[in-house]
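For reference, the structure discussed in these notes is given below.
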Amino acid sequence: MWKNAYKDVKNYYSKEDIKEIEAIDPLYHINMKNYNSRDVECEAGDTVFWVEGNGLIHRCYRDNVILGNLYKDDLNDIRKASACKNNICTCFMGYINIKNLNLENHYNKSLLGRMP
């Protein structure tokens, strides 16, 4: 089991809170911070995409640029590695794709499922 960190208020969790949460989710500390992402290599747009219900494809949920449409375009023609344009990445579903974090080494059973 894992828990998402509330990061909108600095020092929101006490040391006791963190200790209790880490008893459930030993890798909780990874989720307790936001990650710098500006100009950082990311899998988004290359091997990972955010797709809206109508098929519109974006690099990630924070990128408004439309790359194409899943129902009309060939994904191989759309995919392209590029650096992130956002200053920070705040969501686990996003920062797991930042290449230099190497989070697959922590979540080797399932990166997307957050399973060590």
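Throughout, read-outs are computed from the coordinates displayed, never taken from laboratory work. Keep in mind that what you see is a predicted model, and the values were worked out from it rather than measured. Glycine gets a Cβ as well: all are built from the backbone with ideal geometry, and neighbour counts include every protein chain shown.
For segment 27-56, the set of residues classified as in a loop (DSSP other than H, G, I, E, B) and within 24 Å of Met115 (Cβ to Cβ) consists of Leu27, Met32, Lys33, Asn34, Ser37, Glu43, Asp46, Thr47, Phe49, listed by residue number. Scanning segment 58-80 for residues being touching a strand residue (DSSP E or B) at 6+ places or on another chain (Cβ under 6 Å), within 15 Å of Gly94 (Cα to Cα) and crowded, with 17+ Cβ neighbours inside 10 Å gives a total of 3. Scanning segment 83-102 for residues that are in contact (Cβ under 8 Å) with a residue 60 or more places away in the chain and under 10 Å from the mean Cα position of the chain (by Cα), we see that the one that is farthest from Asn36 (Cα to Cα) is Phe92. Consider segment 1-26 and keep the residues that are among the charged types (D, E, K, R) and part of a loop (DSSP other than H, G, I, E, B). The one that is surrounded by the most Cβ atoms within 10 Å (Cβ to Cβ) is Asp25.
Does at least one position in segment 57-76 carry a residue that is under 22 Å from Gly113 (Cβ atoms) and part of a strand (DSSP E or B)? Among the residues of segment 57-76, not one is under 22 Å from Gly113 (Cβ atoms) and part of a strand (DSSP E or B), which makes the answer no. Cβ-Cβ distances below 9 Å connect the following pairs, each with a first residue in segment 47-74 that is farther than 21 Å from Asn87 by Cα, a second residue that is surrounded by fewer than 14 Cβ atoms within 10 Å (Cβ to Cβ) and among the aromatic types (Phe, Trp, Tyr), and a separation of six or more residues or different chains: Asn54/Tyr71; Gly55/Tyr71.
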